[in-house]
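Colleague: Pasting in a structure now, in structure tokens, and then I'll have a few things to ask.
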Amino acid sequence: MLNNKNILVTGGTGSFGKKFIEMTFKKFNPNKIIVYSRDEFKQDLLKKDISMKMPEILPNLRFFIGDVRDKERLYRAFRGVDYVIHAAAMKQVPACEYNPFEAIKTNIHGAQNIIDAALDCGIKKVVALSTDKAVNPINLYGGTKLVSDKLFVSANSYSGKNGTVFSIVRYGNVAGSRGSVIPFFKGLIDKGIKEMPITDFDMTRFWITLDQGVELVYKALEESVGGETYISKIPSFKITDLAKAMLSDCTLKEVGIREGEKIHEVMVTKDDSRFTFEFDKHFVIAPHFNWWNEKKSNLGEGKKVVSGFEYTSGGNDQWLDVENLRKELKKNGFC
């Protein structure tokens, strides 16, 4: 699928970008992967890291300094590119709350710039990374990502018969990613702290690894015909169980939920259920537009979910207990 292709990853120095580069060069033989991001220091760190771990892929990597806010730079970077993975975003909830106009410029205006450049430069497919926070948003980050998702789905109406295909991949906090709860807990444990702060004892999250996130992007690249939202079927866990899995003799202290934080992650709402199809390992939400043609998609292989169905971390039928969480943490090198 990606053999001999040119792929560009916006925000390519982040956790997803690093894993995407690693897995793609192991699984495929791409012509080149372009890392597009605005921080030259992180690009330099990534280049040095790759030169140590996978020096053989360096000739097939390109590093572009650029911001998704800069449409002219995107046009230059997209030249000759087959596929674009849009991972760049302002993601920190407090930062978005305090800097709302900056979040809008990156997450909404940046999305529009990606779409315009992709349409005009003849990109074959664009996969945009979304978040559970875009579902029934309660904070500005979620609100901007909801708008971004709507833009990418609607962009298919401008593509024409053989134009750019836009789709979305949605998942929540990735296990072990930068800024997530696992490195936070690990930092406390390394300092010898025995009392783990828990925002709410009822809080749950989905368990998804970076590898699974990248595999879902591959599926979207391979199967999408335009406008679909892909969601992995994955287990849930309690935050309290995660703390116990990382430090068995810890005590727990409830410190109160943070501004803009949800008790449970939501991936599919009851309203989405009318357009949601279930497969063995994932769900797909189809777009609700008159240009959508289900017969041309792969959704016929799935099963339409019942009306009123919702997919949340708190109402899941797959769970990881303390022992299974400990196994997952060890398997993924988190402890």
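Colleague: Find the residue count for the stretch 251-263, including only residues that are of a type outside the set (A, V, I, L, M) and either in contact with a Phe, Trp or Tyr (Cβ under 9 Å, 6 or more places away or on another chain) or surrounded by 20 or more Cβ atoms within 10 Å (Cβ to Cβ) (or both).
Modeller: Residues in the stretch 251-263 being of a type outside the set (A, V, I, L, M) and either in contact with a Phe, Trp or Tyr (Cβ under 9 Å, 6 or more places away or on another chain) or surrounded by 20 or more Cβ atoms within 10 Å (Cβ to Cβ) (or both): 3 in total.
Colleague: List the strands (runs of 3 or more DSSP E) that sit entirely inside the stretch 22-117 and contain at least 1 residues that are surrounded by fewer than 19 Cβ atoms within 10 Å (Cβ to Cβ).
Modeller: Per the criteria, 32-37, 61-65.
Colleague: Out of curiosity, is Thr144 of a type in the set (Val, Ile, Thr) and either over 30 Å from His264 (Cα atoms) or touching a Lys or Arg at 6+ places or on another chain (Cβ under 8 Å) (or both)?
Modeller: No: the conditions fail for Thr144.
Colleague: With the structure loaded, tell me whether Gln112 is among the polar types (S, T, N, Q) and modelled with pLDDT under 95 or whether it fails that test.
Modeller: Values: among the polar types (S, T, N, Q): yes; modelled with pLDDT under 95: no.
It is false that Gln112 is among the polar types (S, T, N, Q) and modelled with pLDDT under 95.
Colleague: Taking Met267 and the conditions (1) of a type in the set (A, V, I, L, M); (2) touching a Lys or Arg at 6+ places or on another chain (Cβ under 9 Å); (3) in a loop (DSSP other than H, G, I, E, B), which numbered condition does it fall short on, given that it satisfies the others?
Modeller: Exception for Met267: condition (3).
Colleague: Restricting attention to the stretch 7-56, which residues are at pLDDT below 95 and touching a Ser or Thr at 6+ places or on another chain (Cβ under 6 Å)?
Modeller: Hit for the stretch 7-56 is Ser15, nothing else.
Colleague: Determine whether Phe63 is over 18 Å from Ser167 (Cα atoms) and not aliphatic (A, V, I, L, M).
Modeller: yes
Colleague: Something else: Restricting to the stretch 95-154, name every residue that is among the polar types (S, T, N, Q) and touching a Gly at 6+ places or on another chain (Cβ under 6 Å).
Modeller: Selection gives Asn139 alone.
Colleague: Phe166 passes all but one of (1) in a helix (DSSP H, G or I); (2) crowded, with 19+ Cβ neighbours inside 10 Å; which number fails?
Modeller: (1)
The values are calculated or read from the model by the stated rules, or taken from the named source; none is laboratory data. Worth saying up front: this structure is predicted, and the values here are computed from it rather than measured. Virtual Cβ from ideal backbone geometry, glycine too; neighbours counted across all protein chains shown.
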